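Notes follow once the structure below has been shown.
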Amino acid sequence: MLQRGHTKIGLVGIDHSSTGQQRLFGFQKAMTNAGLIIDPGWIHYGNYSYENGKELFQEIQGRGLTAVVAGSDMIAAGLIKEAARNGVKVPDQLSIIGIDGSIIDEIVTPELTTVSQDFFKMGTASVDNLLDDDQSLFIPTKIVERASVKDLN
């Protein structure tokens, strides 16, 4: 989103778990490194669900955001659904990126840009960590670009 010229970016639907806090930290780091202000009203906690995404759309509407990082693909799908119901065009009026890399990305309209995670590797690493008391590993992610982010440049 930063590379696409967005400066008013929200973070929506994360929870207070370590995963949610890591996502918040990454968001804050990216915004700070880009020299952008983070308005506390642009960060909204949730529970990663589709229904919660629909509810959270009301929280971000009218706040001047051009883009939102959704805490999960399900949150993103709920945001897209409510945006359409409220006459907000994605990505023309609001760009949305999800986090997960699930089948939801190709089902929603427009198709969702996402931070894709390798769930199989995550599961394997988690089991190895539990069984062998190994250190936690960071599983690399990649951004899969689709149609939900507008280029403002």
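The values are calculated or read from the model by the stated rules, or taken from the named source; none is laboratory data. For clarity, every value in this text was computed on a predicted model and none was experimentally measured. Counting neighbours? That spans all protein chains shown, and the Cβs are built from the backbone with ideal geometry, glycine included. SASA here: full protein model, heavy atoms, side chains in, ligands and nucleic acids out. Shrake-Rupley method; radii C 1.70, N 1.55, O 1.52, S 1.80 Å.
Looking across region 25-56, the residues that are hydrophobic (A, V, I, L, M, F, W, C), within 23 Å of residue 142 (Cβ to Cβ) and surrounded by 17 or more Cβ atoms within 10 Å (Cβ to Cβ) come down to 27, 31.
Determine whether residue 127 is at pLDDT 95 or above and among the β-branched types (Val, Ile, Thr).
On the way: at pLDDT 95 or above: no; among the β-branched types (Val, Ile, Thr): yes.
No, not satisfied.
Tell me whether region 101-118 contains one or more residues that are open to solvent by 100 Å² or more (accessible area, probe 1.4 Å), modelled with pLDDT under 65 and assigned to a helix (DSSP H, G or I). Checking region 101-118: not a single residue is open to solvent by 100 Å² or more (accessible area, probe 1.4 Å), modelled with pLDDT under 65 and assigned to a helix (DSSP H, G or I). Taking region 63-74 as the range and being under 16 Å from residue 9 (Cβ atoms) and either open to solvent by 10 Å² or more (accessible area, probe 1.4 Å) or touching a Lys or Arg at 6+ places or on another chain (Cβ under 9 Å) (or both) as the test, the residues that pass are 63, 64, 65, 66, 67, 69, 71.
Summed over region 76-100, the residues that are out of contact with any Gly (no Cβ under 9 Å at 6 or more places or on another chain), open to solvent by less than 70 Å² (accessible area, probe 1.4 Å) and either under 16 Å from residue 113 (Cβ atoms) or at pLDDT below 95 (or both) give a count of 8.
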